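Since the structure comes first, as structure tokens, the remarks are kept for the end.
The values are calculated or read from the model by the stated rules, or taken from the named source; none is laboratory data. Bear in mind the structure is a predicted one, so any value in this text is a computation, not a measurement. A quick note on method: Cβ atoms are made from the backbone with ideal geometry, for glycine too, and the neighbour counts reach across all protein chains shown. In case anyone asks, the SASA skips ligands and DNA or RNA and just uses the protein heavy atoms, side chains included. Shrake-Rupley method; radii C 1.70, N 1.55, O 1.52, S 1.80 Å.
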Amino acid sequence: SSQTHTQANMERIHLLSKIATSEQHGENSPYFDGWKAYDQNPFHLTENPNGVIQMGLAENQLSLDLIEEWVAKNPKSSICTKDGISQFKDIANFQDYHGLYEFRKAIANFMGKVRGNRVTFDPDRIVMGGGATGASESLMFCLADPGDGFLVPTPYYPAFDRDLRWRTGVQLVPIICNSSNDFKITEEALESAYENAIASNIKVKGLILANPSNPLGTTTDKQTLQTLMRFINEKNIHIVCDEIYAATIFNTPEFVSISEVLQEMEQDSSNKINRELVHIIYSLSKDMGLPGFRVGILYSYNDHVVSCARKMSSFGLISSQTQLFLASILSDEEFVDGFLSESSKRLAKRHQTFTQGLEKEGITCLASNAGLFVWMDLRMLLNKPTFDEEMELWRLIINDVKLNVSPGSSFHCVEPGWFRVCFANMDDQTVDIALKRIRAFVKKGRKNERATMNNKRTKSFQKNLRLSFSSRLYDEATMMSPRMMSPHSPFARSPLVQART
Amino acid sequence: MEVGLNNTHKFLSKIATNDGHGENSPYFDGWKAYDTNPYHPETNPSGVIQMGLAENQLCFDLVHEWLLNHPEASVCTPQGGFDFKEIALFQDYHGLPEFRAAIANFMSRVRGSRVKFDPNRIVMSGGATGAHETLAFCLANRGEGFLVPTPYYPGFDRDLKWRTGVELIPVVCESSNNFKVTIEALEDAYEKAKESNIKVKGLLITNPSNPLGTFFDKETLKTLVRFINEKNIHLVCDEIYAGTVTNGSEFVSIAEILEEVPTICDHSLIHIVYSLSKDMGFPGFRVGIIYSYNDTVVNISRKMSSFGLVSTQTQHMIASMLSQNDFVDNFIQESRTRLAHRHDMFTRELAEVGIGSLESNAGLFFWMDLRRFLKEPTFESEMTFWRIIINEIKLNVSPGSSFHCNEPGWFRVCFANMDDATVMVAIERIKSFVLETRMLEIKTKALAKAKKQCWQNNLTLKLSSRRLEDIMSPHSPLNSPMLRAQN
């Protein structure tokens with residue numbers, strides 16, 4: 001009988017929508033292969049020390065203890081405690097899509113603090129969304145019709161493909177960024193992307209960027225933001241800034257929010273800034289490490305968008321139980337100030353530990369000052385600068401080194417060889433183990449290389465295949481090629497290399 | 001720089017600038033009246049009483065008691081705090097396994113354990129609101145349509161159509177047979193869709209019905225299932241009010257039909273929408289559920305649930321609460337009893353003044369028959385009378401037209417969102433209005449006659465008798481001795 005049902009299922013798949021049967025949810029991309037490897041063999045310090053370490057998930061686990069501590073001292077923040085239960089009924093009944101006023105006020109206040117109080121946010125412009133995922137999708141529904149396009153700088157967060165396009169029918173047009181200038185957005189790249197869209201008959205409705213960037217971990221400098229503002233105002237298109245990593249800044253340069261740039265540029269009317277084109281996406285998933293609570297925020301300077309998005313928020317309101325909790329914790333100024341400061345310190349320390357550990361092995365990352373990850377440069381380990389090579393290397397990293405990192409191609413990076421590596425979703429011991437594994441992998445590569453060089457004439461090609469596969473990572477020709485040598489790499493100064501020259 | 005509304009519209013999407021959100025319907029006027037002048041027993045005793053909101057506020061005491069005895073249900077207590085980090089980090093769109101198990105358990109017990117639900121088919125959504133939209137995205141393309149019996153929940157217009165571009169085609173039901181869905185009405189709607197070049201992808205029913213408060217009998221359900229199976233279209237059953245049925249054993253869920261007669265249809269066409277907003281009274285917690293017998297739909301809607309997952313803080317609490325069978329069974333039973341009591345109180349009192357309603361034994365409202373009060377059997381009259389109800393009687397009830405009812409004069413009245421004292425106030429207001437209106441009307445007519453015939457001393461007697469005759473609705477169960485005495 002179940003067989004009949006399965007058969008019937010297959011026969012009737014055509015009864016579903018195009019949206020349901022397209023692959024636009026994106027989960028069949030190789031990006032998820034690493035996840036599957038992890039799921040089947042997850043690392044655990046004591047129970048599975050040889051498992052795959054998850055370094056593909058941008059979570060912030062470093063400061064949850066501070067929140068737990070606060071929770072223990074503030075039973076009124078919960079509707080389930082003796083202290084808080086008198087609120088249960090009203091909260092359980094509260095389904096107003098405006099959201100609890102205290103919640104909006106607390107979020108607005110928090111967002112201001114995160115930006116050093118250089119700008120203030122209006123609680124009445126705070127709109128809820130089902131995580132940043134839901135907030136981004138709603139914003140697309142408000143700003144673009146099916147077939148319209150949004151420009152987005154590469155490399156970008158893979159799930160934008162699903163969140164911004166899947167059910168909306170909106171298209172994404174890449175603004176190509178290169179390592180040659182640290183992946184900064186140039187005016188040329190902007191104009192080029194815009195022209196490409198026009199040539200493809202795509203009506204551009206806006207530009208979306210994540211600042212701080214995922215996967216780069218860098219912040220967009222003020223000048224570039226000003227360029228973007230001028231560009232969108234000139235073209236009469238929207239700008240959407242996903243500032244979800246705003247409080248993960250751990251180093252200079254300081255974070256500059258689009259809200260600050262707007263405030264400044266508006267003061268000079270010759271700038272002809274139309275604030276109704278500016279929108280911010282936010283969430284507490286990264287800054288506070290609360291992805292499970294689904295706290296998505298849409299902040300728009302456009303009244304109509306606020307009104308419309310608020311109606312749409314019915315499709316993904318934040319649980320009132322969670323709204324109350326957050327209203328409580330985020331209006332505790334002392335806690336917030338302490339949290340932001342401590343969180344930043346811990347991220348800085350973790351980032352330093354990790355990048356220094358990598359550098360010891362001759363692996364460099366894009367210089368970054370934010371985010372929960374580094375953008376690791378493994379271009380010198382590719383035999384050829386191709387995405388096939390990148391995939392090979394990636395499978396090696398998952399299967400041999402047993403680390404789930406994310407290949408640059410999944411972020412639509414145009415240059416092969418970059419990998420995003422998350423560092424804030426594990427404890428210190430695990431970081432240590434991850435670095436040890438990388439060390440061992442690099443050492444093995446060098447050992448194999450020496451062995452290969454000594455045995456080159458005697459060993460058969462087939463015997464060498466496995467060795468040379470590893471040694472390919474340190475292929476002399478590859479290493480020495482000026483094309484492959486990253487200017488960021490301290491490898492150039494390595495005694496290993498020097499001995500060769 | 002000033003940008004006029006026209007300019008703004010140019011920069012936004014069609015979805016953002018059309019009326020698809022549905023809030024410009026008169027359904028919301030009553031809300032506005034309430035918002036500006038809400039009733040409060042002490043601070044605003046002459047304010048508008050909210051009877052347009054289908055909430056279930058009758059059993060919070062049971063929930064309070066349970067929570068105080070089970071601190072581990074919350075991640076914010078010392079007992080539950082160990083889970084805080086894990087819960088805060090958990091964003092897997094499959095949802096907590098214990099949450100899914102608890103929901104499946106609850107759904108089963110609401111149906112008297114006559115059916116079992118598979119936790120692996122439980123998919124989360126942003127309330128039932130999100131569930132309906134997600135199913136529409138999964139089952140239909142832009143421009144395709146769903147049949148839906150009238151009268152129906154006004155939110156469907158937004159949930160199923162707004163961002164999806166899907167159409168709704170009414171299956172017209174009439175009071176002449178107590179608004180039952182007939183096969184003729186179904187076929188008729190299907191044909192109409194065809195004529196309008198709308199490809200029908202499914203049928204959406206709410207069972208128990210909002211606004212009727214009735215539920216489908218087994219035979220009708222089977223007829224519907226055979227209909228959709230023959231037409232090769234989906235059946236979406238919104239069973240959000242399943243736990244509000246007075247006599248639980250009488251309610252038949254679509255799940256039971258599939259269990260009883262597995263060969264009645266292709267199961268992959270059947271989908272259930274559920275939520276805890278009505279049965280538990282937790283609309284704020286946004287616990288929407290999609291339960292589909294179609295593997296692909298489970299899979300895809302689960303991916304879409306990323307747009308509206310249930311907060312893990314809430315998943316954790318619900319998992320705890322709804323896995324406790326003695327609490328669950330007691331809650332369901334007690335809730336049914338209290339709802340029935342409230343329902344009976346209202347309908348009985350209103351019948352005393354000759355106001356009838358559709359016979360019902362489910363839901364958080366009743367479908368009040370005020371057809372006789374309309375000047376003319378038109379929707380304009382209905383609107384006029386409705387504004388009187390809001391502005392003079394000071395009750396926010398919902399006019400039948402907002403539910404796409406094809407007959408003017410019906411109003412949905414919610415009764416479970418207030419305390420007993422407020423119920424009495426509401427009842428008094430209605431009764432006073434009815435009596436005053438009739439008295440006024442009769443007085444006016446009588447005076448006119450009296451000028452000719454000097455009937456003044458007989459006035460009071462005639463008043464009483466005519467009041468009963470004129471007001472008696474065919475639905476009214478009034479069996480007053482006074483009436484018999486008259487005869």
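How many residues, within region A:275-291, are within 9 Å of chain B (Cβ to nearest Cβ) and open to solvent by 10 Å² or more (accessible area, probe 1.4 Å)? Count: 3. Checked against the criterion of being basic (K, R) and farther than 30 Å from B:C76 by Cβ, the candidates A:K345, A:K360 yield just one match: A:K360. Taking the residues in region B:341-363 that are within 21 Å of B:K431 (Cα to Cα) and hydrophobic (A, V, I, L, M, F, W, C) as candidates, determine which candidate is modelled with the highest pLDDT. If we take residues in region B:341-363 being within 21 Å of B:K431 (Cα to Cα) and hydrophobic (A, V, I, L, M, F, W, C), then B:L358 is modelled with the highest pLDDT.
Could you please let me know if B:P408 is buried (at least 20 other Cβ atoms within 10 Å of the Cβ), in a loop (DSSP other than H, G, I, E, B) and touching a Lys or Arg at 6+ places or on another chain (Cβ under 8 Å)? In short, yes. Which of the residues that make up region B:306-324 are under 28 Å from B:C138 (Cβ atoms), within 26 Å of the chain's Cα centre (by Cα) and within 9 Å of chain A (Cβ to nearest Cβ)? B:F307, B:G308, B:L309, B:V310, B:S311, B:T314, B:Q315 - these are the residues of region B:306-324 that are under 28 Å from B:C138 (Cβ atoms), within 26 Å of the chain's Cα centre (by Cα) and within 9 Å of chain A (Cβ to nearest Cβ). Considering every residue within region A:33-47, establish whether at least one is small (G, A, S) and either within 11 Å of chain B (Cβ to nearest Cβ) or part of a loop (DSSP other than H, G, I, E, B) (or both). No: zero hits. Among the residues of region B:207-265, those that are among the β-branched types (V, I, T) and under 16 Å from the mean Cα position of the chain (by Cα) comprise B:T214, B:V236, B:I240, B:T244, B:V245, B:T246.
Filtering region A:121-145 to residues that are at the interface with chain B (Cβ under 8 Å from one of its Cβ atoms) and open to solvent by 10 Å² or more (accessible area, probe 1.4 Å) leaves A:T133, A:D145. Whenever a residue of region B:317-336 is aromatic (F, W, Y), its partners that are in a helix (DSSP H, G or I) and open to solvent by less than 20 Å² (accessible area, probe 1.4 Å), lying with C-beta atoms within less than 7 angstrom and at least six residues away or across chains, give the pairs B:F327/B:W66; B:F327/B:M321. Of all residues in region B:236-253, at least one satisfies being surrounded by fewer than 24 Cβ atoms within 10 Å (Cβ to Cβ) and free of Cβ contacts under 8 Å to residues at least 60 places away in the same chain. Meeting the requirement of 1 or more residues that are farther than 30 Å from B:L58 by Cα, the helices (runs of 4 or more DSSP H) wholly within region A:63-136 are A:64-73, A:101-114. Being surrounded by fewer than 19 Cβ atoms within 10 Å (Cβ to Cβ) and either among the aromatic types (F, W, Y) or within 14 Å of chain A (Cβ to nearest Cβ) (or both) is a property that B:F327 has. The number of residues in region A:138-191 that are part of a loop (DSSP other than H, G, I, E, B) and either without any contact (Cβ under 8 Å) to a residue 24 or more places away in the chain or among the acidic types (D, E) (or both) comes to 4. I'd like to know if region A:243-251 contains one or more residues that are among the hydroxyl-bearing types (S, T, Y), open to solvent by less than 20 Å² (accessible area, probe 1.4 Å) and more than 9 Å from every other protein chain (Cβ to nearest Cβ). Yes, because at least one residue in region A:243-251 is among the hydroxyl-bearing types (S, T, Y), open to solvent by less than 20 Å² (accessible area, probe 1.4 Å) and more than 9 Å from every other protein chain (Cβ to nearest Cβ). Evaluated against (1) more than 10 Å from every other protein chain (Cβ to nearest Cβ); (2) at pLDDT 95 or above, A:E361 falls short on exactly one condition, (2). Taking region B:1-115 as the region of interest, the helices (runs of 4 or more DSSP H) fully inside it that hold 1 or more residues being more than 7 Å from every other protein chain (Cβ to nearest Cβ) and at pLDDT below 95 are B:5-11, B:14-17, B:27-36. The condition of being closer than 26 Å to B:S398 by Cβ, surrounded by 14 or more Cβ atoms within 10 Å (Cβ to Cβ) and touching a Phe, Trp or Tyr at 6+ places or on another chain (Cβ under 9 Å) holds for only one of B:V166, B:V172, that being B:V166.
Does A:G84 fit the bill of being closer than 30 Å to A:S300 by Cα, more than 7 Å from every other protein chain (Cβ to nearest Cβ) and either crowded, with 18+ Cβ neighbours inside 10 Å or of a type in the set (A, V, I, L, M, F, W, C) (or both)? Against the criterion (closer than 30 Å to A:S300 by Cα, more than 7 Å from every other protein chain (Cβ to nearest Cβ) and either crowded, with 18+ Cβ neighbours inside 10 Å or of a type in the set (A, V, I, L, M, F, W, C) (or both)), A:G84 does not qualify. If you go through region B:135-160 and keep only what is more than 9 Å from chain A (Cβ to nearest Cβ), farther than 18 Å from B:K192 by Cα and open to solvent by 10 Å² or more (accessible area, probe 1.4 Å), you end up with B:Y152, B:Y153, B:P154, B:D157. In the set (1) closer than 25 Å to A:T248 by Cα; (2) hydrophobic (A, V, I, L, M, F, W, C); (3) buried (at least 24 other Cβ atoms within 10 Å of the Cβ); (4) over 24 Å from the mean Cα position of the chain (by Cα), the condition left unmet by A:M312 is number (1). Within region A:192-205, the set of residues being at negative phi and either assigned to a strand (DSSP E or B) or open to solvent by 10 Å² or more (accessible area, probe 1.4 Å) (or both) comprises A:S192, A:Y194, A:E195, A:N196, A:I198, A:A199, A:S200, A:I202, A:K203, A:V204, A:K205.
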